[in-house]
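The values are calculated or read from the model by the stated rules, or taken from the named source; none is laboratory data. Just so it is clear, the model here is predicted, and its values are computed rather than measured. Glycine gets a Cβ as well: all are built from the backbone with ideal geometry, and neighbour counts include every protein chain shown.
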Amino acid sequence: MNVWEERRVPPNFWSNIENQKDFLGWLAKKHNVKCLNDWYSIPSSEFPVRLLKIYGNYHSRILARHFPKHKWLEWKFVRTPHNFWFPMANRRRYMDWLGNKLGYTKMEDWYGVTGEDFRKNYGASLLERYYKNSYQRTIMDIYNEFKWCDWLFESAPDGFWNNANNRKRYMIWLGNKLGYKNIQDWYNLTHELLSQNKGYGIYHNLGSVSAVVKEYFPHNDINEWQFQGCSRNFWREKSNRRRYLDWLQKKLGYTKIEDWYKVTGQDFRNNYGGGLLNAYYNNSPSAILIDIYSDFQWHEWLFISTPQSFWDKKENRRRYINWLEQKLGYTKYEDWYRITANDFQMNNGFGFLNHYKNSPSKVVVDNFQEYDWDISKFYNRPQAYWQDSGNQREFLKNLFNLLGYTNLDNWYKSRHEDFTNSGGSGLIKYYGGSHIKAIIENYPEYNWLEWKFISTPQKFWSNHDNRKKYMIWLGEQLSFSKFEDWYKISTVDFEINYGNGMLHACFGGSPSRAVTETFPEYQWVEWMFNVVPQGFWKKKTNRKNYLNWLANRLGITDLKEWYEITKKRFVDNYGSGLLDYYHNSCALAVLDCFPNYDWEIENFSQRRANQKRIYKIVKAIWSDTKWQYKHPDLRFKDSGRKMELDIWIPSMKIGIEYQGEQHFFPVKQWGGDIALKNLQTRDQEKRDVCKVKDIKLIEIPYSWDGDKKSLIEKIQQVFKLHLST
């Protein structure tokens, strides 16, 4: 039995270094200690009390005494030595170790640390004894040479946001980060921006974005409504609504209170007042003005729109009729016989009249029931009045003068309401509800073009002859002298020449369809139009027809000649849309349309030309550049074969790969999806091996247009080199 296992150990036994060594050897066997780091897991209770007393009750000191060459990490013991954390050097040593353990490479990485990171890595006692469990204070104290932003930690220190100076520090930092130069910029601040920039605490502390900004600018007038999502609570105070309206009045340039009659709901929504309007006034501009500026006598009908259901109340209708009476200068009941729908229209009473189904006589009879009215005296005409063409011409003559027209062309501006508001409802009814037909029938000597009216007659465009008549006229307007000129047609040509309605109603908005369907006698080639019909290139027959046409146009008689095709050939021959369909790849277009030929993608000239151009550009910068270099240090794992780099620059350890279409899309002739997956797997393997070998690999996609500047910029982005273009 070992001495230390007996009940009593001889005096001064533990003072002997050899005895201590024997004990440590025995204890190591007991706990199967295979390396020095295994000692960290053995608690001090395994050491004799008298031996511990010699070393101040810390078994870590025993181990340090007997294994002095080992770099002990005191914090990894179950219990750190007494006052170990007191020297700042020990804390710094621990923090350096922890940063390395967590993979931190720069000071900013510490912002991502948590209290749990300390606790899991033997730092709990440091937090508890010196920093009140605040990992933020721990970091900022130990690395005090760095300028820390407390808010960038996972959470700011307790009570941080209660300090006004801290809030000001944060706002200065935030303004710089967001690029805010003046007070107007701060109106762009939102709750989301604060949250995204670690400012949720300041928002929670002050309660709103506007309060945050107001505290930062205590001497400036801050308009709370200019912030996104102004709170409902803000609008509860009537004084805040008054402040807003006074501000809006200046913003809209209103100089007198009557100017408010011009205001619209959109004016409020465009100027930060949409929430107020919706929350308290049912989206009614007049309601807010009547409430806030209650000392002014308002007439709701003078607003652009009256409040909802306003005309349903009889007292409102009576108020309007009394006002209108004064406006029209009526002094006796008989004056009302002269009233017309136009009088209401011109005096903001359209909604009022609509309440009476557009009957002026019903308005008068209902509002002046005390008078015995003679309905026949109201502004109306006898039955069959409009059957007389003379009456029709007389009415049109008077309306012509009333509307201020000077020539017959002015009739194109006329509207249905111009007739109904001037007593012409019967005339329109006589012509089946069409005021246009009334005009054309009464002026047969004039060459009318129905499409020039604000709206064409109903079903006008349904007639093929009408569409053809328009297209012939349009061709004359555009000075088209032959069928081929129609290839230049555009949507804008229809829009500015009254044909937009026809284009969309009959041809789905497609100019080419309008031309080909109107003039089917000509053999049209759709791709020669500025824009092909929607979905045109999705049909393979159209794509095949185009390539056959292009082959004939370019004199291609052998499929091998397609290897020399370039993007410019497509673009110069109306094939831009086809290229878009094939992701800007000539090769994919040819392969898809001629699938039965045994193609070799390397032979397409665009690919070869791009590879050679890249080589020439790079060679001019680095003279040691090599072409299609099989690198001895890069090998495929499965086969052990050397990996080939399209371009290799030894002096810079740069590899450049030109990635053709087969690296991005499945091509049936080369094995489809399976081949694409295998190729992309090999591409990734090449990237991984280059990274391990510290080789910078640049990949240039097939869509590169050959521009030298863009290639050099690509290299600059990856390597941060400053090369001359």
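Here are some notes:
- When residues of segment 687-717 are limited to those that are in a loop (DSSP other than H, G, I, E, B) and of a type in the set (D, E, K, R), the one surrounded by the most Cβ atoms within 10 Å (Cβ to Cβ): Lys693
- In segment 460-506, residue farthest from Asn530 (Cα to Cα) [restricted to those that are within 40 Å of the chain's Cα centre (by Cα) and acidic (Asp, Glu)]: Glu495
- Complete set of residues in segment 253-268 that are within 30 Å of the chain's Cα centre (by Cα) and surrounded by 15 or more Cβ atoms within 10 Å (Cβ to Cβ): Gly265, Asp267, Phe268
- Pro68 assigned to a loop (DSSP other than H, G, I, E, B), surrounded by 14 or more Cβ atoms within 10 Å (Cβ to Cβ) and over 55 Å from the mean Cα position of the chain (by Cα): no
- Yes/no for Ile614 being of a type outside the set (D, E, K, R), closer than 15 Å to Tyr658 by Cβ, in contact (Cβ under 8 Å) with a residue 24 or more places away in the chain and crowded, with 20+ Cβ neighbours inside 10 Å: yes
- Considering segment 104-143, the residues that are surrounded by 16 or more Cβ atoms within 10 Å (Cβ to Cβ) and of a type in the set (Gly, Ala, Ser) include one that is nearest to the chain's Cα centre (by Cα), namely Gly115.
- Condition met for Arg236 (without any contact (Cβ under 8 Å) to a residue 60 or more places away in the chain, more than 23 Å from the chain's Cα centre (by Cα) and under 20 Å from Asn270 (Cβ atoms)): no
- Any hit, segment 163-174, residues being in a helix (DSSP H, G or I), under 27 Å from Thr138 (Cα atoms), small (Gly, Ala, Ser) and touching a residue at least 12 places away in the same chain (Cβ under 8 Å): yes
- Restricting attention to segment 77-125, the residues being closer than 20 Å to Ser41 by Cβ and either at pLDDT 90 or above or touching a Lys or Arg at 6+ places or on another chain (Cβ under 6 Å) (or both) number 12.
- Residue in segment 589-599 that is at pLDDT 90 or above and at positive phi present: no
- Test: residue in segment 183-206 that is surrounded by fewer than 12 Cβ atoms within 10 Å (Cβ to Cβ) and part of a loop (DSSP other than H, G, I, E, B): no
- Applying the criterion of at least 2 residues that are of a type in the set (A, V, I, L, M, F, W, C) to the helices (runs of 4 or more DSSP H) found wholly in segment 258-348 leaves 274-280, 285-292, 314-328, 341-345.
- The residues of segment 1-39 that are closer than 19 Å to Leu63 by Cα and either basic (Lys, Arg) or not in a helix (DSSP H, G or I) (or both), listed by number, are Asn16, Lys21, Lys29, Lys30, His31, Asn32, Val33, Lys34, Cys35.
- Here the condition is being surrounded by 15 or more Cβ atoms within 10 Å (Cβ to Cβ) and either touching a residue at least 12 places away in the same chain (Cβ under 8 Å) or farther than 30 Å from Ser231 by Cβ (or both); of Asn282, Asn348, Asn322, it holds for Asn348 alone.
- Count of residues meeting criterion [without any contact (Cβ under 8 Å) to a residue 60 or more places away in the chain and over 17 Å from Phe453 (Cα atoms)] in segment 405-424: 1
- Cβ-Cβ contacts under 8 Å between residues 6 or more apart (or on different chains), taken from a first residue in segment 17-32 that is in the same structural domain as Leu63 (by TED's automatic domain parsing) to a second residue that is of a type in the set (S, T, N, Q) and exposed (fewer than 12 other Cβ atoms within 10 Å of the Cβ), are listed as Asp22/Asn2; Phe23/Asn2; Trp26/Asn2; His31/Ser41.
- Single residue of segment 144-162 satisfying the filter (part of a helix (DSSP H, G or I) and in contact (Cβ under 8 Å) with a residue 40 or more places away in the chain) that is surrounded by the most Cβ atoms within 10 Å (Cβ to Cβ): Trp151
- Candidates Leu579, Leu588, Leu550 - the one that is assigned to a helix (DSSP H, G or I), more than 36 Å from the chain's Cα centre (by Cα), surrounded by 17 or more Cβ atoms within 10 Å (Cβ to Cβ) and of a type outside the set (Ser, Thr, Tyr): Leu550
- Answer residue from segment 40-54, given it is within 60 Å of the chain's Cα centre (by Cα) and in a helix (DSSP H, G or I) and is surrounded by the most Cβ atoms within 10 Å (Cβ to Cβ) among those: Tyr40
- Asn57 surrounded by fewer than 12 Cβ atoms within 10 Å (Cβ to Cβ), of a type outside the set (A, V, I, L, M, F, W, C) and part of a loop (DSSP other than H, G, I, E, B): no
- When the criteria are applied in full, Trp225 fails the requirement of being closer than 28 Å to Lys106 by Cβ and buried (at least 16 other Cβ atoms within 10 Å of the Cβ).
- Residues satisfying the stated conditions in segment 399-413, i.e. aromatic (Phe, Trp, Tyr) and either part of a helix (DSSP H, G or I) or exposed (fewer than 11 other Cβ atoms within 10 Å of the Cβ) (or both): Phe400, Trp411, Tyr412
- Residue match in segment 373-387 (condition: at pLDDT 85 or above and not in a helix (DSSP H, G or I)): no
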